[in-house]
C-alpha cells in the first residue's frame, strides 16, 4: 500500500482500492514493480494490471530469494529496434536528437557528487554508453563495458543556465563516439540539466534515472558505496527478442490489418523536410484544470473500462474531426506508445531498463454521427461514439507488431507515409507528494524553455502537428499538460490554439457525460462472451452490470437441465446446507458477514440471460444475496417448508439471486442457518469456502483477497480445444455402445431417492493399501470397482460412466480458493476382456486419466460429438474430498455448529458419491421409477463384494470378481 501511495502521490491507499481508479496507468505500474523489487518483493507490471488492488497483488507477489542470478549487463552488439530504424530513415542530422530534463538538486550537492552520481548511472545503464556506427543508413550499435565512459567528461559547470549553454551541451552529444549524455551543473542554483540522446532514453527511462539518482544520493550522503539495483532485462536482449518476434508466423499475418489502419486520408500536408524542422517549429504549452484532470485519471477510465491513453486519444480524434470538418471520413493519427510489452517472453523484466522503447503505429479513428454541441454537452450520443472508437482501438493488434513488421521483417511490405498528425501520452510525471523536499532530486518546473532549446535541431519534424500530453503533479493536484509542436508551413499558432480548445472541450464533455452516469461495457470488455454493443446496452437497461461472462461447458448443460426441472417443479442442481447453531448469535453481524462474502464473490448472485444467440451470466455491480430472518418453533415440518421455499427461489436464474441464506431462530441461543445456492454459480468445492468465509467474517477475521471467477473463464477460453478433443478422441476410440441404465431416449425422470451406506473400516483400509501398492488414488480403485459392476449390470465389457473433476488447475493462481462453477463432468472408460486383471484395469484407468488430465475442461457435449452419440452414459461416480470442517467453523464468535445436513440432486438416473473417512461413505442418488430401495441395497452390496475381491487379489481376473447375490 505504501508503494502504491508513493507512485500515485497519495497520502494513503486502501488495500482494496483499484490502482487504475486511483489514477494509475501502464507506465506507473512499472514503477510499482521496480519499487517492489527494491523492497524485496517480486511482481511484474502485468500483475499490477491484472490484480489492481494491493490485497490481490500481495497474493501473487513473491519474496526475492536474495540469490543474484546471472546479470544481464547488456554489453556488446545491440540490434537496431524499429524506432531506431525509423530515426535512421529520417532525412537530416540526428546526431543531437535528444531529450532534456532539468532537475533540482537536494541541498549540499557538490560538483564532485554530481560526477559520482552520473558515473553510477553510466555504469549501471548500458545504453548510456552505446556507440552507433552508420553504415550508409544501416545502423549498428555496440555497448562497451561499464567504466568505459568517464562522467567527468560529460559534466560541464556553468554560472547560469541559458539557451546558449544548453545548445552547446547538446552539440557535445556524439553517438558515434559513445557520448550519449551531456550534463550542465549550476552550483549556485542547485540545478542539473541532463541532455541524453534519444537513442538511449525515453519517457519511462527518466523515471528510472530519477529514482537511481535519489538512491545513489542517499547512499553517498550516508557514506556508503554507491550500488544501484541491477537491471532485469537489458536493452540488447530486448532488441534481439524483437528481431525474433518480427518473423513469428502469427505476427506476419497482421500485415493486412496494419495496412487497413494506415488508409485514412491525410487532412494535412506532409512535413516539408527542408523547412519544417524542430528548429523552426511552433510550440504551445497549455494546462487543463485540476478537477477535469482528476476525473480523466480516475472516474472516466473506470466508467468506460478504458485506459487514460484511450480517452485522451478519442477526445483528440473528436477535436480533429471538428477542426478539419472531415464530414464523416476517418482521421489518421500516428500514435506513440511506451513499447515495454513484457509479455513478449516469460522472463522479461523491463521495469529498470533504460533505453528507447517507444513504438509508433497508425490508427484510423472513425467518429461519426455526433454534433459538436452533443460533445460539449456530454450527451448520450457521446458515450456511444466513445464505446465505438474504443472498440476500434481494441481491434488493433499489439502495437509492437506494426514496427517490427515494417522495419525488421524484409519479407513484408508496410512502406508508406505516416499520418501527419502525431499523439503521445507520457503518463504521469513528477515525484509523489511524500518525496518532495530538500533532500531529494526532483524534476524542476522551470525547464520547459530549456527542453525546447534542447530540441531545437535542424532535423525534420516527425509530424506536421504533434500533441505530446502528460500529467504533471502540482501543488493543487495533478494537471494534464498539452505540449504542441507544429510545422509553421502548414499551421499557425491561432489554429493550434483552436485545436487545443476543442480538445479540452471534448475532454470536459466526456467528464460531463460520466457525471450523468455515462459509461459502460463494450464487447471487448466481456470477451470471451460474445454480445454486440446493442445487446450489452439492452442488458444495462435491466441490470447494474459489473461484468458479463460466457457459460462454462458444465453450466451450459446445467442450464438445460435446470430449465427442464423448473418446468417440472424439481429442485435439481440446488445445493442446500442446513447448519444447527448453538450459542449467542448476532443476527445483524451474521447478515453483514453473508453480504461481505457475496461482495467478494459476486458470481454467487449472477443472473443468467438466454435471450441472445449464446446464453451469458451477468455479474451484478450491486451484488446482494437473498436474506431472511425468521423466528419459528423447532417444528421440522415448518423448517422443511422454509427450506423448500429457499430452493424454489434460487431456481429463478434470470431475476432472483442464485445464492440465499435464511437464519431461523428456534429457541434461546438456538438457530438454524440455511444456505442455498444454485449449482450454476457454485460447485461443491465452493460451498465449504463460502461457509468458512461467512463464519470467519462473523468472527472478525480479515480475509485474503478473493480471486475473481473471471480468471477461470479467461483461462478456459485460452485452452487448446483442438488438442483436448484429440486426447479424448484417442481415449474413446472404438467405443460404440453407450452405457445406459435407462431406456435410450427417455426424457422424463422420476422422483429422486437417496440412500446412504458405509463400507466397513477393514475394507476401507484394504482399498487404501491397494491404491498405495499400485501407485494410484483410492478414487481410481473405486472407479475400477464401479466399472466392473457396470459391466456386469449391462452385460458389456466396454463401459463408460461419468465423473466430476474439480476443474481447478494448479497453474491458475488462487484457483484453490475460488468460488464459482469450476467443476466439469467427463467420461471414464474401462475396456475389459477375459484376460483383464485388477492391476490391468487400474493401470488402464490411470493411463486414461493421465492422458486427459490437461484436457478435463472440454465440454461433455463436444466429447459426445466426437464419438457420434447424444449420450455416452447415464451413471455418475464421484469421489468427494471437500468436507465441511464444522470444528474449525465453530471457533468463530462463540457460535458452535452442533449438526448439519445437506441437500443436492442431479439429473442422472444413478449417481454414487464416495465420501472419504475411516469408513468409506457411499451416498446413492437414484430415479425411483427405475430403482427401488431394495435394488439400490443390492447394487451397493454387489459393489462392496467387487471391491473386496479386487483388494484381496489384485492379480486376479476382473471377470472372476464375485458380483452374484449370495
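Enumerate the residues in segment 571-602 having an amide nitrogen under 17 Å from the point lying 7 Å beyond the Cα of residue 902 toward its Cβ.
572-580
Expressed as a fraction of 2.2 N^0.38 Å, the rule-of-thumb size for a compact globular protein of N residues, what is the C-alpha radius of gyration of the chain?
Rounded to two decimals, the normalised Rg is 1.12.
Against the longest alpha carbon principal axis of the chain, how many degrees, from 0 to 90 and to the nearest 10, is the axis of helix 203-221 turned?
80
Quick check on segment 340-405: what does the Kirkwood estimate of hydrodynamic radius come out to from the alpha carbon pairs, in Å?
Over segment 340-405, the inverse of the mean reciprocal pair distance is 14.9 Å.
Kindly identify segment 535-640 as rounded, prolate or oblate by the Cα gyration tensor criterion: order the square roots of the eigenvalues as a ≥ b ≥ c, call it rounded if a/c is under 1.5, otherwise compare a/b with b/c, prolate if a/b is larger, else oblate.
oblate
Calculate the spin-label point distance for residue 586 paired with residue 368, positioning each point 7 Å from the Cα along the beta-carbon direction, and give it in nanometres.
Between residue 368 and residue 586, the label points sit 6.1 nm apart.
Just to be sure I understand: if I project the alpha-carbon convex hull of segment 647-777 onto a plane and average over all orientations, what area do I get in nm²?
Here the figure is 16.1 nm², rounded to one decimal.
For helix 533-542, report the angle its Cα long axis makes with the longest principal axis of the Cα atoms of the chain; keep it between 0 and 90° and round to the nearest 10°.
Around 60 degrees separate the two axes.
Apply the Kirkwood formula to segment 586-695: the hydrodynamic radius equals the inverse of the mean of 1/r over all pairs of different alpha-carbon atoms; give it in Å with one decimal.
14.7
With label points built 7 Å along Cα→Cβ from the Cα atoms of residue 628 and residue 376, find their separation and express it in nm.
5.7
How big is D for segment 312-354, in µm² s⁻¹ as a whole number, if Stokes-Einstein is applied with the Kirkwood radius of its Cα pairs at 25 °C and 0.890 mPa s?
Estimated diffusion coefficient is 183 µm²/s.
Using R₀ = 51 Å, calculate the FRET efficiency as 1/(1 + (r/R₀)^6) where r is the Cβ-Cβ separation of residue 150 and residue 524; round to 0.05.
So the FRET efficiency works out to roughly 0.50.
State the Cα centre-to-centre distance between segment 545-611 and segment 397-420 in whole Å.
50
For each of 832, 950, count neighbouring Cβ atoms within 10 Å of the residue's Cβ, then give the residues from fewest to most.
Ordered by Cβ neighbours within 10 Å, fewest first: 832, 950.
Relative contact order for segment 605-695 using alpha-carbon pairs under 8 Å, separation at least 6, rounded to a whole percent?
Answer for segment 605-695 is 27 percent.
What does the helix-only formula give at 222 nm for the chain: each DSSP H stretch with n ≥ 4 adding -39500 (n - 2.57), the total divided by the residues, and the result rounded to the nearest 500 deg cm²/dmol?
Result for the chain: -11500 deg cm²/dmol, rounded to the nearest 500.
Considering the Cα positions of segment 847-957, please state its Rg to one decimal place and its Dmax as a whole number of Å.
Rg, Dmax (Cα atoms, Å): 18.7, 57.
Please say if segment 799-875 is rounded, prolate or oblate, where rounded means a/c under 1.5 for a ≥ b ≥ c the square roots of the C-alpha gyration tensor eigenvalues, and otherwise the choice is prolate for a/b larger than b/c and oblate otherwise?
Cα axes put segment 799-875 in the oblate bin.
Could you put 718, 944 in order, starting from the residue whose Cβ has the fewest other Cβ atoms within 10 Å?
Ordered by Cβ neighbours within 10 Å, fewest first: 718, 944.
How much length is gained if the chain between residue 596 and residue 543 is pulled fully straight, taking 0.36 nm per residue apart and subtracting their Cα-Cα distance, in nm to one decimal?
17.0 nm
If you take the square roots of the eigenvalues of the alpha-carbon gyration tensor of segment 703-783 and sort them as a ≥ b ≥ c, do you get rounded (a/c under 1.5), prolate (a/b over b/c) or oblate?
Since a/c stays below 1.5, the shape of segment 703-783 is classed as rounded.
Quick one: angle between helix 26-38 and the longest Cα principal axis of the chain, in degrees between 0 and 90, rounded to 10, please.
Roughly 80 degrees, rounded to the nearest 10.
How much length, in nm to one decimal, is gained on full extension between residue 112 and residue 834, taken as 0.36 nm per residue of separation minus their Cα-Cα distance?
250.9 nm
Given just the C-alpha atoms of segment 226-349, how large is their convex hull per residue in cubic angstrom?
262
For 609, 154, what's the fewest-to-most ordering of other Cβ within 10 Å of each Cβ?
Going from sparsest to densest Cβ surroundings: 609, 154.
State, as an integer percentage, the relative contact order of the chain based on alpha-carbon contacts under 8 Å between residues 6 or more apart.
Answer for the chain is 11 percent.
We did not get these values from a lab; they are worked out from the coordinates using the rules stated. All of these numbers come straight from a predicted model, not from anything done at the bench. Because the Cβ atoms are built from the backbone with ideal geometry, glycine has one as well, and the counts that use them run over all protein chains shown.
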